[in-house]
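Down below is the structure, laid out as structure tokens.
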Amino acid sequence: MSTTRGVLYVHSAPGALCPHVEWAAGAVFGVPTNLDWIGQPVERNSYRTEYSWSGPAGTAARLASALQGWQRLRFEVTEEATSSTEAERYSYTPDLGVFHAVTGLHGDIMIPEDRIKHAIVTEALGGAPLLDSLDALLGRPWDDELEAFRHAGEETPVRWLHQVV
């Protein structure tokens, strides 16, 4: 099994939800997880945290699955590539749900050819405009919603978890 690393960014969580996020993350990591929460100035009575982790490939997907669906929770999870897996990014907002993308070496979103072809055909058949479809494939709606929350945490310290089994 390949080992990789990544970062869990919780951009916004109400105080009552913070322990539940820790329990869910701990269940994925297999160890109790105590996150350093700080106030999120963009949303009243909410908190944010960043947590760097190291563990088996697929950890980001398991984290996203464990955290998705919770109201007022906004998060992103990244996972670096290994010799046998692609790098990934998951973004979540209560209004938009989960966005998943494979990312390249420099963090660029890699869109599979068949999804681009589908967007072109959809527009040709009178469906969504190509630009709108490409924006969705690139995760722009998630980026637009999360951007203010991301900037609010530019000075946030990151704690490293060196090994998760």
Worksheet item: Residues of region 67-94 being at pLDDT 95 or above, touching a helix residue (DSSP H, G or I) at 6+ places or on another chain (Cβ under 8 Å) and surrounded by fewer than 16 Cβ atoms within 10 Å (Cβ to Cβ), which ones?
Response: none
Practice prompt. Please work out which residue is surrounded by the fewest Cβ atoms within 10 Å (Cβ to Cβ), limiting yourself to region 12-24 and to residues that are out of contact with any strand residue (DSSP E or B) (no Cβ under 6 Å at 6 or more places or on another chain) and aliphatic (A, V, I, L, M).
Written response: 16
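Listed here are the residues, each with its yes/no results for (1) more than 13 Å from the chain's Cα centre (by Cα); (2) among the hydrophobic types (A, V, I, L, M, F, W, C); (3) not in a strand (DSSP E or B).
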position	(1), (2), (3)
21	yes, yes, yes
24	yes, yes, yes
71	yes, no, yes
76	no, no, no
Discussion item. Looking at region 112-129, I want the residues that are on the phi > 0 side of the Ramachandran plot and have a partner that is loosely packed, with under 13 Cβ neighbours inside 10 Å and part of a loop (DSSP other than H, G, I, E, B) with Cβ atoms under 6 Å, at least 6 apart or on another chain. Which pairs are those?
Written reply: none
Discussion item. Going by what's in this entry, would residue 27 be described as among the aliphatic types (A, V, I, L, M) and surrounded by fewer than 21 Cβ atoms within 10 Å (Cβ to Cβ)?
Written reply: yes
Worksheet entry | Any hit, region 25-41, residues being closer than 20 Å to residue 139 by Cα and modelled with pLDDT of 95 or more | no
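Which of the following residues is touching a strand residue (DSSP E or B) at 6+ places or on another chain (Cβ under 9 Å), aromatic (Phe, Trp, Tyr) and either in a helix (DSSP H, G or I) or touching a residue at least 40 places away in the same chain (Cβ under 8 Å) (or both): 47, 9?
Values: 47 fails: either in a helix (DSSP H, G or I) or touching a residue at least 40 places away in the same chain (Cβ under 8 Å) (or both).
One residue alone meets the criteria, 9.
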Worksheet item: Given (1) touching a strand residue (DSSP E or B) at 6+ places or on another chain (Cβ under 7 Å); (2) farther than 22 Å from residue 3 by Cα; (3) modelled with pLDDT under 95; (4) not hydrophobic (A, V, I, L, M, F, W, C), where does residue 104 come up short, assuming only one miss?
Response: (2)
Discussion item. For region 33-58, give me each residue that is crowded, with 22+ Cβ neighbours inside 10 Å and of a type in the set (Val, Ile, Thr).
Written reply: 49
Practice prompt. Select from region 129-165 the residues that are exposed (fewer than 13 other Cβ atoms within 10 Å of the Cβ) and at pLDDT 90 or above and write down the one among them that is farthest from residue 47 (Cα to Cα).
Written response: 129
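Applying the selection to region 45-66, what residues are of a type in the set (Ser, Thr, Tyr) and touching a helix residue (DSSP H, G or I) at 6+ places or on another chain (Cβ under 9 Å)? So that I can check it myself, show each step before the final result.
We begin by selecting, within region 45-66, every residue of a type in the set (Ser, Thr, Tyr); these are 46-47, 49, 51-52, 54, 59, 65.
Those that are of a type in the set (Ser, Thr, Tyr) and touching a helix residue (DSSP H, G or I) at 6+ places or on another chain (Cβ under 9 Å): 46, 47, 49, 51, 59, 65.
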Worksheet entry | Conditions (1) assigned to a helix (DSSP H, G or I); (2) farther than 21 Å from residue 140 by Cβ; (3) of a type in the set (A, V, I, L, M, F, W, C); number of the one not met by residue 60 | (2)
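The values are calculated or read from the model by the stated rules, or taken from the named source; none is laboratory data. Given the structure is predicted, the values throughout are model-derived calculations rather than measurements. Note: ideal-geometry Cβ built from the backbone for every residue, glycine included; neighbour counts use all protein chains shown.
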